[in-house]
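A short write-up of the structure that comes next.
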Amino acid sequence: MKKHILTYLSSLILSASALAHGNVELGPNGGRILEFSKNESMHGEVIFKDNQFHIALLDKDMKPAALADQELTATSGERAKPEKLVVEKKDGKFIVPAVKAGDWIIFQYKENAKAKAITARLQYDPTICGACKGPEWLCKCAAKEGKGK
Ligand SMILES: [Zn+2]
């Protein structure tokens, strides 16, 4: 019986984390945090500036990490017709061109060319949230209940 309960609990936890994309985590510069590791040791902080996404690397303590051999690819567009975005490296950040409002971006991050890719995704929703006055993709109240729109 105990085993059943444990199985049930772990499936609950799994489904909770599968839904966690609605739970926006913001970084030290107000950007959106993406998980770029399996153990919270590397993050990306996404900021939208000059019609581009600027993605800075942050270590496990959310301190800036140097951009060297890391690689990033970004894909957007329709599921049936995904479009690869041109990712550049500039001033220690990855630069990704803007996408249409509401589009998802799928990122594939690699520590170096030989490393296994980590997938992170975000939906670019620039609609302004009535509660925090920030764009939805950076909404601070997503985690809270009774979010006012
Ligand atoms: Zn909000």
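Checking LYS114 against (1) at pLDDT 90 or above; (2) within 16 Å of the ligand (Cβ to nearest atom); (3) out of contact with any strand residue (DSSP E or B) (no Cβ under 9 Å at 6 or more places or on another chain): exactly one of these is not met. Which one?
(2)
Which residue, of LEU9, LEU34, LEU19, is at pLDDT below 60 and within 17 Å of THR119 (Cα to Cα)?
The match here is LEU19.
Tell me, which residue of the range 103-116 that is surrounded by 14 or more Cβ atoms within 10 Å (Cβ to Cβ) and assigned to a loop (DSSP other than H, G, I, E, B) is nearest to the chain's Cα centre (by Cα)?
Checked the range 103-116; the qualifying residue nearest to the chain's Cα centre (by Cα) is ASP103.
Going by the conditions given, is ILE105 free of Cβ contacts under 8 Å to residues at least 60 places away in the same chain, within 16 Å of the ligand (Cβ to nearest atom) and not hydroxyl-bearing (Ser, Thr, Tyr)?
It is false that ILE105 is free of Cβ contacts under 8 Å to residues at least 60 places away in the same chain, within 16 Å of the ligand (Cβ to nearest atom) and not hydroxyl-bearing (Ser, Thr, Tyr).
Check whether at least one residue in the range 88-98 is of a type outside the set (A, V, I, L, M, F, W, C) and buried (at least 16 other Cβ atoms within 10 Å of the Cβ), and report yes or no.
Looking through the range 88-98, at least one residue is of a type outside the set (A, V, I, L, M, F, W, C) and buried (at least 16 other Cβ atoms within 10 Å of the Cβ).
Can ALA74 be described as surrounded by 13 or more Cβ atoms within 10 Å (Cβ to Cβ), more than 16 Å from the ligand (Cβ to nearest atom) and more than 21 Å from ASN39 (Cα to Cα)?
Criteria met by ALA74.
Considering only the range 83-102, I want to know if a residue exists there that is within 14 Å of the chain's Cα centre (by Cα), under 19 Å from ASN23 (Cβ atoms) and more than 16 Å from the ligand (Cβ to nearest atom).
no
The values are calculated or read from the model by the stated rules, or taken from the named source; none is laboratory data. None of the values given here were measured: they were computed from a predicted structure. Neighbour counts are summed over all protein chains in view; Cβ atoms, including those assigned to glycine, are modelled from backbone coordinates with ideal geometry.
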